[in-house]
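Input: a single structure, listed below in structure tokens.
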Amino acid sequence: MSTLSPFLRALLPITALFAFATAPASAAPSAAPIPPDGGKAIVFPFPAKAPVVVQLNGIGATRERLTAMLKNALPNDVEQIDKQIDAGLKELLADRKLTAIPKEGRVFIVVNDIASLFDGVPTISVLVPVTSYKEFRESFLTPDEQKTFEPGQAKVDEVKITFNGEEHAVFMVDLKEYVALSPDKTTAESYAGRYTKATTAAMPPELAKSFVISDLALYVNMDVINDLYGDQIKAFKGLIDFGIQQAQMGGMLPGLNKKQLEAAKTMLHGLFQGIEDCRGLVIAAEFRPDGLNLRFQAQFAEDTESFQLLKSETPSALTELGKLPAGLGQYSGSKYGKKFVELMRGLNSEFAPADDDEKGNELVDKQLKELLAAGRTSEITGSASPDVTFTLSTYAEPKKAASALVGCYKSMTAGGRIQSVVLKNDPKITAGARKHRGFTFDEVNLSFDYEATVRDLPDELKQTTLAQIKRLVPEKYTVWVGTDGKSVIQVGAKDWDRAVGMIDMYLDGKKLIADTPGYKLTRKNLPTDASVLMLMETGQTLEILIEAMRELEGTIPDFPKIGKVKLPQGEPNFIGLSLTLKGDTATANLFVPGSSIAVIRKVFLDLFQNID
């Protein structure tokens, strides 16, 4: 089995060294500086055809922004954290100094050949900004390393650098404002000669903006990746399709019905199609005063399937989400175009009759087509799982949509699956069961069969899955679907009193989640317009995660026993997730506010103290 090369393992502490070696200043910029004109026409020192590049946006400046974030998130702990970082870096640095490295200068780690990472000497390079080549050598290299310095005849010098007690030959090239360092002489020689440098003007525009403003960013040049590995990617796609077909025929995919398998195949097809259509992607982190933002962004070539899917999307502010009542654990909203709704329908296994129920499958397909034809424009959901879930949807034809939704439930029979859980009995439906504030609701009574749901799973997964289902899905559950001719409400709860209470809280417009400080903070740090928004209350999310971990105790050998963990009390705060589909670009943002960082740290410290 291939493993990372020894030099690459040595590179990891070097990267950490460059990232945080400069002591934090008392005042820090609120975010990474945005270059003029949104980052256009910036020339980078790495080759234009480099497949993978990691960037650190200023050695000292990034450390300052990280410290500023931690001061807001962990004011009582940041001093101790800084001391621990400094102590570790002091030991790592030994006799090295970083006085020749400007704190605002960008550091780049460039992968010239991905395959070389796992075999032999990696063709990678580290590009370090410097005041001068001479000053860098005299300050960064230790006295013993300076003695090994050998000037090269073709502008490629060699030095023996020691890290963690191991000596490595490193080749260095003076690029005036940068020094290129590489363990591979051929890679170093490529910097000594003429080469086409990467620029933001040649990068996909949205990716260029994200790349230059982030504190830490990974750029993958998919144009280059597809040129180099396109045939292998297509071959792998065919192998996956063949494997799924063989596994399905041989009964090697327990617990999955035909619809779920088709959805999985559709997802895999979409993934590989996206790789083929993609021009580039960026994975980035920003240290903001309010918290940590992580971004994943992909941009697609014109006249591709992915581009055609995205170009009709029109994100919005999804302001209706903020009108849901406060006090719930999860809030989500979405607005998709017709093409994307149709695609999502193929991936959605909410209603999945048994494979041998031909009539049920035909009826469900018919109702889902009716639902699509009703023209959904937006949807918001609030939930306090498993007690209550409230969904309000807008359609061009609300009555048609409500009828189709109820029709989906009516088409299901015992043995089929709703939200992947097996029905014990046929759904019991009462038309016009409730009338409330202009809405007429049909009532759908559901009963689930936990044991049948996990029956075909491997023994080692049965108990864990069973425990999770019991925690998240009540054995008996009621759903009310209704419309006033303007919108459609779907609410699930244990009884009508709980359901109507949720309906009234929304219709009365009191105690809105948008008025709470935690929601406001997270929402302002996510994009103004989005296709999907999701905000998860930190404490409740951690509680679900810890319970899921606790259920692994008897399943995984030697898995530690988790004791009682006390969740912090106080104002709710929210981890935010957004997806924006616009033009030729898909962007996902995950924002973790400082208050959530504090809660997460406290809970996990408490968790580790309560592990047996």
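The values are calculated or read from the model by the stated rules, or taken from the named source; none is laboratory data. All of these numbers come straight from a predicted model, not from anything done at the bench. Note that each Cβ is placed from the backbone with ideal geometry, even for glycine, and that neighbours are counted across all protein chains shown. Keep in mind that these areas ignore ligands, DNA and RNA; they rest on the heavy atoms of the full protein, side chains included. Shrake-Rupley method; radii C 1.70, N 1.55, O 1.52, S 1.80 Å.
Among the residues of segment 391-409, is there at least one that is farther than 24 Å from Lys476 by Cβ, assigned to a loop (DSSP other than H, G, I, E, B) and among the aliphatic types (A, V, I, L, M)? Yes: segment 391-409 contains one or more residues that are farther than 24 Å from Lys476 by Cβ, assigned to a loop (DSSP other than H, G, I, E, B) and among the aliphatic types (A, V, I, L, M). Evaluate segment 429-445: report whether one residue or more is β-branched (Val, Ile, Thr), open to solvent by less than 10 Å² (accessible area, probe 1.4 Å), within 17 Å of Ala499 (Cα to Cα) and touching a strand residue (DSSP E or B) at 6+ places or on another chain (Cβ under 8 Å). Yes, that holds for at least one residue.
Residues considered: Asp365, Asp355. Of these, the only one that is in a loop (DSSP other than H, G, I, E, B), of a type in the set (D, E, K, R), more than 23 Å from Thr319 (Cα to Cα) and at pLDDT below 95 is Asp355.
Open to solvent by less than 70 Å² (accessible area, probe 1.4 Å) and not in a helix (DSSP H, G or I): is that true of Pro527 in this structure? When the stated conditions are applied, Pro527 passes them.
For segment 97-104, the condition of being among the hydroxyl-bearing types (Ser, Thr, Tyr), more than 32 Å from the chain's Cα centre (by Cα) and either over 23 Å from Val54 (Cα atoms) or surrounded by fewer than 21 Cβ atoms within 10 Å (Cβ to Cβ) (or both) holds for at least one residue. Taking the conditions (1) of a type in the set (Lys, Arg); (2) open to solvent by 60 Å² or more (accessible area, probe 1.4 Å); (3) touching a residue at least 60 places away in the same chain (Cβ under 8 Å) in turn, Lys561 satisfies each one other than (3). Evaluating Ile109 against the criteria (1) assigned to a strand (DSSP E or B); (2) among the hydrophobic types (A, V, I, L, M, F, W, C); (3) touching a Leu at 6+ places or on another chain (Cβ under 7 Å) leaves one unmet condition, (3). Selection of segment 118-166 for residues being open to solvent by less than 20 Å² (accessible area, probe 1.4 Å) and of a type in the set (Phe, Trp, Tyr) yields Phe136, Phe140, Phe163. Exactly one residue out of Gly492, Gly518, Gly482 is part of a helix (DSSP H, G or I) and either small (Gly, Ala, Ser) or closer than 30 Å to Ile556 by Cα (or both), and it is Gly518. The strands (runs of 3 or more DSSP E) located wholly in segment 115-205 that include 1 or more residues which are without any contact (Cβ under 8 Å) to a residue 24 or more places away in the chain and within 38 Å of the chain's Cα centre (by Cα) occupy 157-163, 166-174. Looking at (1) over 19 Å from Asn361 (Cα atoms); (2) of a type in the set (D, E, K, R); (3) out of contact with any Gly (no Cβ under 6 Å at 6 or more places or on another chain); (4) open to solvent by 60 Å² or more (accessible area, probe 1.4 Å), can you tell me which one Asp449 breaks? Among (1) over 19 Å from Asn361 (Cα atoms); (2) of a type in the set (D, E, K, R); (3) out of contact with any Gly (no Cβ under 6 Å at 6 or more places or on another chain); (4) open to solvent by 60 Å² or more (accessible area, probe 1.4 Å), Asp449 violates only (4). Just so you know, in segment 365-401 the residues that are among the basic types (Lys, Arg) and within 19 Å of Lys339 (Cβ to Cβ) include one that is surrounded by the most Cβ atoms within 10 Å (Cβ to Cβ), and it is Arg376.
Of all the criteria given as (1) open to solvent by 50 Å² or more (accessible area, probe 1.4 Å); (2) part of a helix (DSSP H, G or I); (3) over 30 Å from Lys510 (Cβ atoms), the one not satisfied by Ser312 is (2). Thr464 fulfils the conditions (1) of a type in the set (S, T, N, Q); (2) within 31 Å of the chain's Cα centre (by Cα); (3) open to solvent by 60 Å² or more (accessible area, probe 1.4 Å) except for a single criterion, (3). Among the residues making up segment 67-87, those that are farther than 25 Å from Gly165 by Cα, of a type outside the set (S, T, N, Q) and not in a loop (DSSP other than H, G, I, E, B) are Ala68, Met69, Leu70, Lys71, Ala73, Val78, Glu79, Ile81, Asp82. In segment 315-344, the residue that is nearest to the chain's Cα centre (by Cα) out of those that are within 30 Å of Asn226 (Cβ to Cβ) and open to solvent by 70 Å² or more (accessible area, probe 1.4 Å) is Met344.
Go through (1) out of contact with any Gly (no Cβ under 6 Å at 6 or more places or on another chain); (2) surrounded by fewer than 18 Cβ atoms within 10 Å (Cβ to Cβ); (3) under 30 Å from Asp558 (Cα atoms) and name the single condition Val454 misses. Result: Val454 fails condition (2) only.
Can you confirm whether segment 88-99 contains a residue that is within 26 Å of Asn221 (Cα to Cα), in a loop (DSSP other than H, G, I, E, B) and in contact (Cβ under 8 Å) with a residue 40 or more places away in the chain? No - not one qualifying residue is present in segment 88-99. Of the residues screened, Gly539 is not one that is in contact with a Leu (Cβ under 8 Å, 6 or more places away or on another chain), closer than 30 Å to Phe340 by Cα, at pLDDT below 95 and not charged (D, E, K, R). Please determine, by comparing only the residues of segment 43-73 that are modelled with pLDDT of 85 or more and touching a helix residue (DSSP H, G or I) at 6+ places or on another chain (Cβ under 6 Å), which one is most open to solvent (accessible area, probe 1.4 Å). Only one residue fits best here, namely Lys49. Of note, Leu521 does not satisfy the criterion of being modelled with pLDDT of 90 or more, more than 20 Å from Ile597 (Cα to Cα) and surrounded by fewer than 20 Cβ atoms within 10 Å (Cβ to Cβ). The set of residues in segment 478-518 being more than 30 Å from Phe448 (Cα to Cα) and open to solvent by less than 10 Å² (accessible area, probe 1.4 Å) consists of Ile513 alone.
Only one of the numbered conditions (1) polar (S, T, N, Q); (2) more than 17 Å from Ala41 (Cβ to Cβ); (3) crowded, with 23+ Cβ neighbours inside 10 Å is violated by Asn226, and that is (3). Scanning segment 459-479 for residues that are assigned to a helix (DSSP H, G or I) and hydroxyl-bearing (Ser, Thr, Tyr) yields Thr464, Thr465.
Listed here are the residues, each with its yes/no results for (1) in contact (Cβ under 8 Å) with a residue 12 or more places away in the chain; (2) small (Gly, Ala, Ser); (3) in contact with a His (Cβ under 6 Å, 6 or more places away or on another chain).
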site	(1), (2), (3)
Val491	yes, no, no
Arg498	yes, no, no
Gly501	no, yes, no
Asp508	no, no, no
Ile513	yes, no, no
Asn525	yes, no, no
Val532	yes, no, no
Thr538	yes, no, no
Ile546	yes, no, no
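Using the structure shown, decide if Tyr178 is in contact with a Pro (Cβ under 7 Å, 6 or more places away or on another chain) and crowded, with 23+ Cβ neighbours inside 10 Å. Against the criterion (in contact with a Pro (Cβ under 7 Å, 6 or more places away or on another chain) and crowded, with 23+ Cβ neighbours inside 10 Å), Tyr178 qualifies.
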